[in-house]
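Since the structure comes first, as structure tokens, the remarks are kept for the end.
The values are calculated or read from the model by the stated rules, or taken from the named source; none is laboratory data. A quick note: this is a predicted structure, and the numbers were derived from the prediction, not measured. Virtual Cβ from ideal backbone geometry, glycine too; neighbours counted across all protein chains shown.
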Amino acid sequence: MNILIVDDEALARSRLRTLLADCSSEHVVQEAAHAAEAQAVLQHRMGADIDLVLLDIRMPGQDGLSLAQTIQQLPNPPAIVFVTAHVDHAVSAFELDVADYLTKPVRLARLQQAIAKVQRLPRAQQTPAATTPTADNEPAMVIQERGRTVRIPMAEVLYLKAEQKYVTVRTFSRSYILDGALLELETRYAEHFMRVHRSMLVARRALRSLEKHYDIEEGEGWAVRLQGLAELLPVSRRQVSAVREALTLQ
């Protein structure tokens, strides 16, 4: 593979070069110390000579997140794998649909895994945000679970429910636990979810009906039915009109 390392730290670039040599002697590696230098390399034949960019996020001048967006606008963009010491950028990184996300210090086995993942993808699918229809550009939630990072496409999420110190993310197949505040998620993903109860947001696209419902604790009230979910979800009285309006607009 033809690989471009973009990192402002010379020692970090040197370490990646060594790891890449351990991965395979056939890799052709180039380096760039900042975004402008990287763009100069990539603009040669529209980036067609580069298969993979190992990209740092925090750099002087244009940062890695911004550079990744620029790279994805190329007619034939290379795959991008972020390599950073700052895990707080994980959500932003995965929303860009990069191929993978590595944390420093990078381990050989993890780098080999990322390269193998890129090699399994056709060139046109290595950076889906730049080459596929709008459906694949939809935001996703990134959840840390049991030592791994899980990317959940927004189209699979049915509802978000606030528990005591976390939020349950319910998909068609299972539930995940997310550290965060329901209000923050409501603000961030307002176009995808609406509040139906003080402790619950539901996916707008999954709304199917608003029904009279009797709850043992709250008595007679309203509930919403979602596509792909057997259980009814309670709707607070103050949200009934908003749910009706959302159903009308579908």
Considering each of Ala10, Ala33, Ala21 in turn, give the residue that is buried (at least 16 other Cβ atoms within 10 Å of the Cβ) and within 19 Å of Lys104 (Cα to Cα). Ala33
Among the residues of region 216-241, which ones are more than 30 Å from the chain's Cα centre (by Cα), small (Gly, Ala, Ser) and not in a strand (DSSP E or B)? Ser236, Ser241
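Among the residues of region 174-191 satisfying the criterion of being touching a Ser or Thr at 6+ places or on another chain (Cβ under 9 Å) and surrounded by 13 or more Cβ atoms within 10 Å (Cβ to Cβ), which is farthest from Pro153 (Cα to Cα)?
Of all residues in region 174-191, those touching a Ser or Thr at 6+ places or on another chain (Cβ under 9 Å) come to 175-178, 182.
From what is left, the residues that are surrounded by 13 or more Cβ atoms within 10 Å (Cβ to Cβ) are 176-178, 182.
Numbers: Tyr176: 13, Ile177: 15, Leu178: 14, Leu182: 18 Å.
Taking the candidates together, the pick is Leu182.
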Please go through region 192-250 and pick out each residue that is surrounded by 14 or more Cβ atoms within 10 Å (Cβ to Cβ) and aromatic (Phe, Trp, Tyr). Phe193, Trp222
With the condition kept exactly as written, say whether any residue in region 136-150 is at pLDDT 85 or above, surrounded by 15 or more Cβ atoms within 10 Å (Cβ to Cβ) and not in a strand (DSSP E or B). no
Residues of region 6-47 classified as in contact (Cβ under 8 Å) with a residue 60 or more places away in the chain and not in a loop (DSSP other than H, G, I, E, B), total: 8
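Output the strands (runs of 3 or more DSSP E) that fall wholly within region 48-114 and possess 1 or more residues being at pLDDT below 90 and buried (at least 19 other Cβ atoms within 10 Å of the Cβ), or say none.
Working: elements: 52-55, 79-84, 100-103.
By residue number, 79-84, 100-103.
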Kindly list the number of the only condition in (1) charged (D, E, K, R); (2) closer than 28 Å to Ile143 by Cβ; (3) touching a residue at least 12 places away in the same chain (Cβ under 8 Å) that fails for Glu211. (2)
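Restricting region 176-215 to residues that are among the aliphatic types (A, V, I, L, M), in contact with a Phe, Trp or Tyr (Cβ under 9 Å, 6 or more places away or on another chain) and part of a helix (DSSP H, G or I), which is farthest from Glu231 (Cα to Cα)?
Residues of region 176-215 among the aliphatic types (A, V, I, L, M): 177-178, 181-183, 185, 190, 194, 196, 200-203, 206-207, 210.
Then drop every residue that is not in contact with a Phe, Trp or Tyr (Cβ under 9 Å, 6 or more places away or on another chain), which leaves 177-178, 185, 196, 200-203, 206, 210.
Next, from what is left, pick out any that are part of a helix (DSSP H, G or I): 185, 206.
On the way: Leu185: 23, Ala206: 13 Å.
Among those that are among the aliphatic types (A, V, I, L, M), in contact with a Phe, Trp or Tyr (Cβ under 9 Å, 6 or more places away or on another chain) and part of a helix (DSSP H, G or I), it is Leu185.
If a residue has to be among the aromatic types (Phe, Trp, Tyr) and at pLDDT 90 or above to count, how many in region 206-230 make the cut? I'd like the intermediate steps shown before the answer.
We begin by selecting, within region 206-230, every residue among the aromatic types (Phe, Trp, Tyr); these are 214, 222.
Remaining after also requiring at pLDDT 90 or above: 222.
So the count comes out to 1.
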